[in-house]
Amino acid sequence: MRVVHTLVGLLMMACFGAMEAYMLMQKFVLVVIPLAVCRVILIIALLVLILSDWAVPKRIHRYFPMFNFQHSLKALGLSQMVIAFFALGDSTLTSMEADRKDNMFARVLFPLVILTSSLLLAISAVYFIIGVFGGVKLRTRMLVK
């Protein structure tokens, strides 16, 4: 489960970067700067969620205690849901959908963003349901520390 979560998170980070590149190629200058800041924050949040799930630096749970192994997966799943909903509701998708016939980059990127956002939403729903019904016991039984 962790490996799938990591791969989908990395794909989602790449999609955020590609959406920013698409915006720069289309020269939406006024829109690029605020959305770039939002996407950088979301990329950092995805990185923190992946590192918290793996507990790669042991001290990461000191800064983000809601993601440690003494808590259920509800917070992790809810945080991922918010990121997935932001990606699905991004205004860049609207312009990509309109440019899909003429622009090859938009033709490839649009379904990729929809697919990775949907996968992240599905994984976050599984994590949230595990956290709600299973609690800490099911987390420790399913995921290896």
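The values are calculated or read from the model by the stated rules, or taken from the named source; none is laboratory data. What you see is a predicted model, and the numbers here were worked out from it, not measured in a lab. Note: ideal-geometry Cβ built from the backbone for every residue, glycine included; neighbour counts use all protein chains shown. These area figures cover heavy atoms from the full protein model, side chains too; ligands, DNA and RNA do not enter into them. Shrake-Rupley method; radii C 1.70, N 1.55, O 1.52, S 1.80 Å.
Shape annotation for the chain: C-alpha extents along the principal axes are 52, 25, 20 Å, from largest to smallest.
Think of the chain as a dipole: +1 on every Lys or Arg Cβ, -1 on every Asp or Glu Cβ, centred on the Cα centre; then among H71, A21, T6, H71 lies furthest on the positive end.
Per-atom-type breakdown for segment 1-113 gives carbon and sulfur 74% of the accessible area (1.4 Å probe, protein chains only).
Taking every protein chain into account, the accessible area of segment 1-110 amounts to 56 square angstrom per residue (probe 1.4 Å).
Net charge dipole, the chain: roughly 740 debye, given to the nearest 20, about the Cα centre with Cβ charges of +1 for Lys and Arg and -1 for Asp and Glu. Placing dummy labels 7 Å off each Cα toward the beta-carbon, the span from M104 to H71 is 4.6 nm.
Of the trypsin sites (Lys or Arg not before Pro) found in segment 1-80, the ones in coil according to DSSP and having at most 12 other Cβ atoms within 10 Å of their Cβ are K27, K58, R59. Sparsely packed loop sites in segment 1-71 (the chymotrypsin sites (Phe, Trp or Tyr not before Pro) outside DSSP H, G, I, E and B with at most 15 other Cβ atoms within 10 Å) comprise F28, F69.
Here the label points at L7 and W54, each 7 Å from Cα along the C-beta direction, are separated by 1.4 nm in the simple model.
For the residues D102, D90, a 1.4 Å probe over the protein chains yields an accessible-area ranking, largest first, of D102, D90. With the simple model of a label 7 Å out from the Cα in the direction of the Cβ, I41 to V82 spans 1.0 nm. Sparse packing (at most 14 other Cβ atoms within 10 Å of the Cβ) combined with a DSSP loop state is found for the following trypsin sites (Lys or Arg not before Pro) in segment 79-108: K101. Computed across segment 78-145, the Kirkwood hydrodynamic radius from all distinct Cα-Cα pairs reaches 13.7 Å.
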